[in-house]
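> Before we start, here is the structure in question, set down as structure tokens.
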């Protein structure tokens, strides 16, 4: 099974119909450093068109036609990724080092994300790097009002790109920005015109190694972008971002069911207690657990976890703590689940396990850094790679 250094990063590009995904993809693949990218386009209809609008070599493409990745074509996506890797290994295609998947505008991205944890063969060769969601400034507010897929696309994003801002009124754009921030405060938000965006803003968002540094971990957990990928924030944007990272945000008045919140625990966990809490949460409310990310202190060891609904990616034991902060930090995006309810589930798991919620740190684990963490059989996660996220 491949480690993070050998597994190929995959970026999922999503957004509702007409948001500008193909335009962005066309610009992106022509930028310097993007020549070794394999592109998978999911098209709806008998005659695929979108891939003809992207100017790049035909060998870069695999087209999934007449279906939606999130339902009937999900298995086709898995087959496509397996075939791409096999052809790369045999030399029948170019030596790509990254995959971009463009979903249809009607797709629920959750099943695509889950493929990387539910399919052992896919997870062995690929790793999910991030989800990038485009939102149309002209039609986005109405789509969020009427289309549950549009809400979920925005809620699951690691990066939000607001398109067509030049065609919408300033008040409407400002209102949509605020709504997106309330819906998913952990996702950096950027205006994009005609698909122009720096690759570093939307790529390399996941943890590529068990040797993650503080900056990589903060970015993974939803800290604002910094460095070359960041642009200066306005005073309004700075005010909106204040308190949003690893902090509670009130639900949007437009999207009352979607909530973003965080939990922090100062004392270390025993893995059995933490796993029991996650098992209980996914069993009772898995469909409404839209996304969870976090770093957990497991008897003194830093373990990174992330999941979407019922499925969790392989947990990663970091080689070392990336900072002096040893607390467990969990970030949630949920539907109709309050922070107090999740806290109560952790307490219930503690009672069922017959142990305190957290315990003092034990002696250092004997397993090497980056090795799998032993977990109860009932926890719903794929096989552990021990490296990468």
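The values are calculated or read from the model by the stated rules, or taken from the named source; none is laboratory data. Quick caveat: nothing in here was measured; it's all calculated off a predicted structure. Every residue, glycine as well, gets a Cβ built from its backbone with ideal geometry; the counts of neighbours run over all protein chains shown.
> Give me a count of the residues in the range 184-207 that are buried (at least 17 other Cβ atoms within 10 Å of the Cβ) and out of contact with any strand residue (DSSP E or B) (no Cβ under 7 Å at 6 or more places or on another chain).
2
> When residues of the range 302-329 are filtered for being touching a residue at least 60 places away in the same chain (Cβ under 8 Å), touching a helix residue (DSSP H, G or I) at 6+ places or on another chain (Cβ under 9 Å) and assigned to a strand (DSSP E or B), how many remain?
Qualifying residue count for the region: 9.
> Let me ask you something else. Take the conditions in contact with a strand residue (DSSP E or B) (Cβ under 8 Å, 6 or more places away or on another chain), under 25 Å from residue 204 (Cα atoms), in a loop (DSSP other than H, G, I, E, B) and modelled with pLDDT of 85 or more and apply them to residue 372. Does it pass? Working first, answer last.
Values: in contact with a strand residue (DSSP E or B) (Cβ under 8 Å, 6 or more places away or on another chain): yes; under 25 Å from residue 204 (Cα atoms): yes; in a loop (DSSP other than H, G, I, E, B): yes; modelled with pLDDT of 85 or more: no.
Against the criterion (in contact with a strand residue (DSSP E or B) (Cβ under 8 Å, 6 or more places away or on another chain), under 25 Å from residue 204 (Cα atoms), in a loop (DSSP other than H, G, I, E, B) and modelled with pLDDT of 85 or more), residue 372 does not qualify.
> Would you check if there is a residue in the range 117-133 being farther than 30 Å from residue 212 by Cα, surrounded by fewer than 22 Cβ atoms within 10 Å (Cβ to Cβ) and touching a residue at least 12 places away in the same chain (Cβ under 8 Å)?
Residues of the range 117-133 farther than 30 Å from residue 212 by Cα: none.
There is no residue in the range 117-133 that is farther than 30 Å from residue 212 by Cα, surrounded by fewer than 22 Cβ atoms within 10 Å (Cβ to Cβ) and touching a residue at least 12 places away in the same chain (Cβ under 8 Å).
> Sort through 161, 106, 144 and tell me the only one that's touching a strand residue (DSSP E or B) at 6+ places or on another chain (Cβ under 6 Å) and either touching a residue at least 40 places away in the same chain (Cβ under 8 Å) or farther than 25 Å from residue 216 by Cα (or both).
Numbers: 106 fails: touching a strand residue (DSSP E or B) at 6+ places or on another chain (Cβ under 6 Å); 144 fails: touching a strand residue (DSSP E or B) at 6+ places or on another chain (Cβ under 6 Å).
Going through 161, 106, 144 in turn, the sole match is 161.
> With a cut-off of at least 1 residues that are at pLDDT below 50, name the strands (runs of 3 or more DSSP E) lying wholly within the range 1-100.
Details: elements: 8-15, 37-42, 61-64.
Because the criterion is at least 1 residues that are at pLDDT below 50, the strands (runs of 3 or more DSSP E) in the range 1-100 that meet it are 61-64.
> Now for a separate question. In this structure, is residue 105 buried (at least 17 other Cβ atoms within 10 Å of the Cβ), modelled with pLDDT under 90 and in the same structural domain as residue 12 (by TED's automatic domain parsing)?
On the way: buried (at least 17 other Cβ atoms within 10 Å of the Cβ): yes; modelled with pLDDT under 90: yes; in the same structural domain as residue 12 (by TED's automatic domain parsing): yes.
Spelling it out, residue 105 is indeed buried (at least 17 other Cβ atoms within 10 Å of the Cβ), modelled with pLDDT under 90 and in the same structural domain as residue 12 (by TED's automatic domain parsing).
> Here's something else I'd like to know. It is to be established whether one or more residues within the range 164-174 are surrounded by 15 or more Cβ atoms within 10 Å (Cβ to Cβ) and in contact (Cβ under 8 Å) with a residue 60 or more places away in the chain.
Yes, because at least one residue in the range 164-174 is surrounded by 15 or more Cβ atoms within 10 Å (Cβ to Cβ) and in contact (Cβ under 8 Å) with a residue 60 or more places away in the chain.
> Do you know which residues across the range 117-134 are in contact with a helix residue (DSSP H, G or I) (Cβ under 8 Å, 6 or more places away or on another chain), more than 11 Å from residue 81 (Cα to Cα) and assigned to a helix (DSSP H, G or I)?
Residue satisfying the conditions is 117 alone.
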